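Here the structure comes first, spelled out in structure tokens, and everything after it is commentary.
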């Protein structure tokens, strides 16, 4: 059974390959990834390593938690289980709420605040992206 570990405190220079190489000293690594900022591509300072077995993962935790790696002391622990995202309800998006205020859509309903226009701007009270 695969076991995913969280690795925090990584150096900005640590990449997927060096992370995998370090953890392979303790067992069979199925996956190793450094999480990067989607806009800049820079490391966010943490990553995940997946081991093939629980025993190998435990050995890695014991040996690497608070150990020095690439000039930084890293934190290694079991990754938290990912919970399913809560369903989104109401507001948001282009419809009800979001850009057009309570009435929905870009034009919004009559009255109601919010949207790009803000309160009291434009005609009829509420905001709305493209109100006439």
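Dimensions of the range 3-78 along the principal axes, based on C-alpha atoms and rounded to the nearest Å, stand at 36, 22, 18, largest first. One chain, two ends: residue 36 and residue 82. Fully extended at 0.36 nm per residue, the span grows by 14.7 nm beyond their Cα-Cα distance.
All of the numbers you see were taken from the coordinates with simple rules; none came from a lab. Everything numeric here is computed off the predicted structure, so don't read it as measured data.
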